[in-house]
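Just below is one structure, and these are the notes that go with it.
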Amino acid sequence: MPIPACPVVHFELPYRDAARVSTFYQTVFGWQLQPMGPEMGNYILATTSTCDSSAPDALRGSINGGLFPLVPESPLQQPSVVLGVPDVREAMARVSAAGGQVLGEPMAIPGVGDYVVFVDPEGNRLSMLQPLMG
């Protein structure tokens with residue numbers, strides 16, 4: 001069975017100062033930033049384009065992202081991309097079989113889907129997301 005192509009669906013960047021990083025990306029690039037609060041780990045959603053809109057100025061093929069608090073004692077606190085996968089457990093098995101390392105178990109993100117971090121054989125931190133259906 002062929003492996004489905006898995007697109008980049010999201011990006012993530014670490015931050016040290018939420019107000020500073022929000023001001024920077026809003027001022028320089030016009031991003032809309034939405035703090036999710038402590039109940040969501042102080043994650044900040046970043047809307048970079050109206051890619052899902054039917055508006056005439058919508059940028060097709062663009063992705064949005066998020067910013068997460070830097071935790072210096074945690075490994076691999078670096079920018080990364082999130083790949084959309086149809087089945088996160090099958091993709092985890094493929095990562096391991098191909099020489100990558102899955103870090104932990106999938107985390108259920110309410111209203112979004114199942115998310116897990118992995119490291120490719122070159123040491124790059126990436127993530128996978130199996131979106132909720134519907």
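Quick look at the values:
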{"quantity": "Karplus (6.51, -1.76, 1.60) ³J(HN,Hα), θ = phi - 60°, over the range 115-123, in Hz, Gly and Pro reported as x", "calculated": "10, 8, 8, 9, 10, 7, x, 8, x"}
{"quantity": "Whole-Hz couplings from phi, Karplus 6.51/-1.76/1.60, listed for the range 42-48; x for Gly and Pro", "calculated": "6, 5, 10, 6, 10, 9, 9"}
{"quantity": "Summed side-chain charge close to Val88 - residues other than Val88 whose Cβ falls under 11 Å, Lys, Arg +1, Asp, Glu -1", "calculated": "-2"}
{"quantity": "Acute angle (nearest 10 degrees) that the helix 18-29 long axis makes with the longest principal axis of the chain, alpha-carbon atoms", "calculated": "80"}
{"quantity": "Expected 222 nm ellipticity per residue - DSSP helices of 4 or more, -39500 (n - 2.57), all of the chain, to 500", "calculated": "-5000 deg cm²/dmol"}
{"quantity": "Unit charges on C-beta of K, R, D, E only; dipole of the chain, Debye", "calculated": "180"}
{"quantity": "P(r) weight above 21 Å for the chain, C-alpha pairs, percent", "calculated": "46"}
{"quantity": "Mean separation of Cα contacts under 8 Å, 6 or more apart, over the residue count of the range 58-134: relative contact order %", "calculated": "30"}
{"quantity": "Stokes-Einstein D in µm²/s, Kirkwood radius over Cα pairs - the range 72-134 at 25 °C with 0.890 mPa s viscosity", "calculated": "204"}
{"quantity": "Cα-based helix-to-principal-axis angle, 88-97 vs the chain, degrees rounded to 10", "calculated": "60"}
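Quick note: the coordinates plus some simple rules give every number you see, no bench work behind them. These numbers come from a predicted model, not from an experiment. Please note: Cβ atoms are built from the backbone with ideal geometry, for glycine as well, and neighbour counts cover all protein chains shown.
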